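S.K.: Let me begin by handing over the structure; questions about it come next.
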Amino acid sequence: MSRDTFATRRPLAFVAVASGGFLIQTTIVAMLTRAAHAPAELATAIGVELAVLHNFLWHARWTWGDRFAGAHSRLRRFLAYQLATGSISLAANIIVVWAAVRAFGVDPTAANVLAVVVVSLANYMVADRWVFARQAVAAAIVLVALPGTASAEGGPASETIRAWDAHIAEVERAQRERRPLSIDAGDAHGREFRVPGGLIHEWSGSVVIAGITVRQLIDALTIPGTPPPQEDVLESRVLAKSGDTLRIYLKLRRTAIITVTYDTEHVVTFERHSPSFVSSRSVATSIREVGGGDRGFLWRLNSYWTYRAVENGVRVDVLSVSLSRDVPALVRPVVSPVAARVARESMRRTLDAMRRLGSPASGKK
């Protein structure tokens, strides 16, 4: 079934499913209050929870069936559904039923009918715009709405910077050992480190460029000195150059669930260890979000490259390390999988750009 078909019949499907949930809720309330003489509020809470479970299963399978992808997605969405529409339904139903029964003497079953009508529209909007939204859209809504942990000036807090500096010291100590990454060429791997007030992201990748020497590849990178053309780099230019050290400007478009553009400056230093091995280090000295403000999606950015001669070509390894604000534990199940997928795709684009840069140079001797 096409997405347009799903979208057209979605409100009708919602009403049909909600009607089933309504029947379950009112039946349970009637049974518990009349047969078991349970308090109206307790009967309502049980009826609502059973209706919520019924509604989720059918919404996932039918109403928003075009937006599902796997068991992990189902579990995440159920937790979000329980947190959002479940909480709304439970609280609103109990409040409405309490007021109707205690203040106006309305029959508990009739009070539940009134409560369902009151909360139905709110539940549809929350489910459509958040719980069953396509994952990237839902994550973006959550992430933008959350407050970040920052200093009074808008950047990372001092304790976050100290944690970053300590982490980078460890990274650079390991880089001095000059060991190749333990990943297959063409692959990309990522991991995260939670630090006070922030999140450190490490992404590594490797690519082998055939038919080129280390010297040819380094020449292609240092003359003129701008990085290989790629989707994430909107503009680039060399601001200064002294030997194997360059200061470059990059306008970066980073997609970390939502798309943000940055004006950045970097100091890039190449170190020629031997004709068959060169390394480089890039440190962002300035990161400014275009349009002003600082939402904390990118506070620091370093990258470490090695260019190593292998049989019939050059193996390029890269380690990218960045710092952003943290994501609260409550929404990590929504945000983290999307962010990881996007970061992996970005790393692969970087490796593809390096491969394209090296390929034309293969004819140079």
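S.K.: Order the following by accessible area, largest value first: Met31, Met354. Probe radius 1.4 Å; ligands, DNA and RNA are ignored.
M.R.: Met31, Met354
S.K.: Quick check: Cα centre of the stretch 170-220 to Cα centre of the stretch 243-312, how many Å?
M.R.: Centre-to-centre distance over Cα atoms comes out at 12 Å.
S.K.: Further question on the same structure: With no solvent and one equal point scatterer placed on each C-alpha of the stretch 158-249, evaluate the Debye formula and give log10 I(q)/I(0) for q = 0.15, 0.21 Å⁻¹, two decimals.
M.R.: -0.95, -1.30
S.K.: Tell me, rounded to the nearest percent, the portion of alpha carbon pairs in the stretch 176-307 spaced more than 26 Å apart. Before the final figure, lay out the partial values.
M.R.: Details: 2444 of 8646 pairs.
Looking at the stretch 176-307, the distances longer than 26 Å represent 28 percent of pairs.
S.K.: For the stretch 225-264, report the translational diffusion coefficient in µm²/s to the nearest whole number, using Stokes-Einstein at 25 °C, 0.890 mPa s, and a Kirkwood Rh over Cα pairs.
M.R.: D, rounded to a whole number, is 223 µm²/s.
S.K.: Solvent-accessible area of Ser204, probe 1.4 Å, all protein chains present, reported in Å² to the nearest ten, please.
M.R.: Counting only protein heavy atoms, Ser204 exposes about 20 Å² to solvent.
S.K.: Also, quick follow-up: Step by step: find N for the stretch 265-329, compute 2.2 N^0.38 Å, then divide the Cα radius of gyration by it. What's the final number?
M.R.: Numbers: Rg = 16.1 Å, N = 65, 2.2 N^0.38 = 10.7 Å.
Output field value: 1.50.
S.K.: In addition: Where does the charge balance sit around Phe297 when Lys and Arg score +1, Asp and Glu -1, over other residues with C-beta under 13 Å from its C-beta?
M.R.: +3
S.K.: Note down the net charge around Pro180, summing +1 for each Lys or Arg and -1 for each Asp or Glu among other residues with Cβ under 12 Å from its Cβ.
M.R.: Charge balance in the 12 Å sphere: +1.
The values are calculated or read from the model by the stated rules, or taken from the named source; none is laboratory data. On a predicted model such as this, the values are computed, not experimentally measured, just so you know. A quick note on method: Cβ atoms are made from the backbone with ideal geometry, for glycine too, and the neighbour counts reach across all protein chains shown. The accessibility values were calculated without ligands, DNA or RNA, using every heavy atom of the protein model including side chains. Shrake-Rupley method; radii C 1.70, N 1.55, O 1.52, S 1.80 Å.
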